[in-house]
Structure formats: structure tokens, C-alpha cells
Amino acid sequence: MILLCRPEELAEGQSRGFAVDGLKLLLVRRQGLVRAYENRCPHRGISLEWVEDQFLDTSGSLIQCATHGALFLIDTGECVAGPCAGESLQALKCWEDEQGIWLRPA
């Protein structure tokens, strides 16, 4: 188990990036649930954020690739618009308790 952050360090509707043992990942909290994905666009294999910890589109309802604008559903990681439509972000196993948000290593 790897502690990523305390629960209060990821507010509702926000995203954060992390690097753990060479793995770049992102967390997003939506409707109280935390989702974790590898920070890697399936189209170009590059990081998604345009500014540190900024992974969401202007509405805050989709994950957006800063390079070419692909849009991904927060709940599933599926690309719904852009050059990788139909592909998905790689989901990672995480969970939250009162002490923090945790990543389960592969």
C-alpha cells in the first residue's frame, strides 16, 4: 500500500498528479469517489495535464489531454472525443479511508 495524500488534500471536483516508483498517475474526486488512472494518453503515450494537477476540462466533468484535447469520462477513463475515441485510460486500484488515499501497487 502506498499513501498518496490525505483525504482533505483532494477536494470534490479536483484532480492531482503523483509520481510513485516511476509511475505517473492522477487522482480525481467526483461525487465523493476517488478514481486513479495512469497519467498517460492512449493516443500519444504522453502526460495528460497542461499545468501541474490540472487534468480536467473547463467544466470539471471530463479528464482532458492537454496536447490534443481528447476527453475521457472520469468514472471509467473511456475516451469519448478525440483521436483515441473508444480507447481508455489505464485504471489503477486505489481506495480511501480516514487516514488517506492509497494506491495498491501492481
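Here are the numbers for the structure shown:
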read-out: Extension reserve of the Ser61-Arg44 stretch, reckoned as 0.36 nm per residue once the Cα distance is removed; value: 3.9 nm
read-out: Centroid-to-centroid separation of segment 71-106 and segment 1-67 [C-alpha atoms, Å]; value: 8 Å
read-out: Of Ser15, Thr58, His68, farthest towards positive along the dipole that unit charges on Lys, Arg, Asp, Glu beta carbons give the chain; value: His68
read-out: Burial order of peptide ranges 18-25, 58-65 (average beta-carbon count within 10 Å, highest first); value: 58-65, 18-25
read-out: By average C-beta atoms within 10 angstrom, highest first, the peptides 31-44, 75-88; value: 31-44, 75-88
read-out: Shape category assigned to the chain from the gyration tensor of Cα positions, a/c cut at 1.5; value: prolate
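Every number in this text was worked out from the coordinates using simple rules, so none of it is lab data. Note that the coordinates shown come from a computational prediction; the quantities given were computed from them, not determined experimentally. Ideal geometry is used to build each Cβ from the backbone, glycine not excepted, and the neighbour counts take in all protein chains shown.
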